[in-house]
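The values are calculated or read from the model by the stated rules, or taken from the named source; none is laboratory data. Predicted model, so just to flag it, every value in this text is computed and none were measured. We place every Cβ from the backbone using ideal geometry, glycine too, and count neighbours over all the protein chains shown. For accessibility, only protein heavy atoms count, side chains too; no ligands or nucleic acids. Shrake-Rupley method; radii C 1.70, N 1.55, O 1.52, S 1.80 Å.
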Amino acid sequence: THATPNNESFAVSGFATRFALTGVSGMVAESCTFPIDMVKTRMQLQGELQHGVVERRGAIGLLTHALRTEGVRGVYSGLAPAVARHIPYTGCRIFIYEKL
């Protein structure tokens with residue numbers, strides 16, 4: 001026969017499952033949107049560090065330039081800390097949201 005979990009252990013298990021699943025969903029979302037965020041940041045910084053004439057590029061131009069000059073690894077540079085942030089951040093945010 002199977003042992004039936006008491007309510008307290010089930011609540012801890014349910015919290016851990018929700019925390020893990022929200023963390024994973026945040027990590028997947030960050031991985032998918034990271035190139036867009038990289039382009040947005042580079043657009044904001046265009047011309048900030050250079051003096052003289054600056055070639056302005058749009059979003060598609062920046063992305064294709066980054067892919068040509070840096071490759072896919074360059075576009076996703078910095079993804080690891082951004083993804084790791086979502087493990088505690090998204091899990092805690094959903095937990096607090098559900099409790100309010």
Self-check item: Distance in nm between pseudo-label sites at Phe15 and Gln46 (7 Å out along the Cβ direction from Cα)
Solution: 4.8
Quiz item: Once you put a point 7 Å from the Cα of Val28 and another 7 Å from the Cα of Thr64, both along the Cβ direction, what distance in nm separates them?
Solution: 3.2
Self-check item: Estimated FRET transfer efficiency when R0 is 41 angstrom, pair Val75-Leu100 (beta carbons, to 0.05)
Solution: 0.65
Practice problem: From largest accessible area down, sort Arg18, Arg56; use a 1.4 Å probe on the protein chains. | Solution: Arg56, Arg18
Practice problem: Would you mind computing, in nm to one decimal, how far apart the modelled labels at Ile36 and Tyr89 are, each placed 7 Å from Cα along Cα→Cβ? | Solution: 1.5
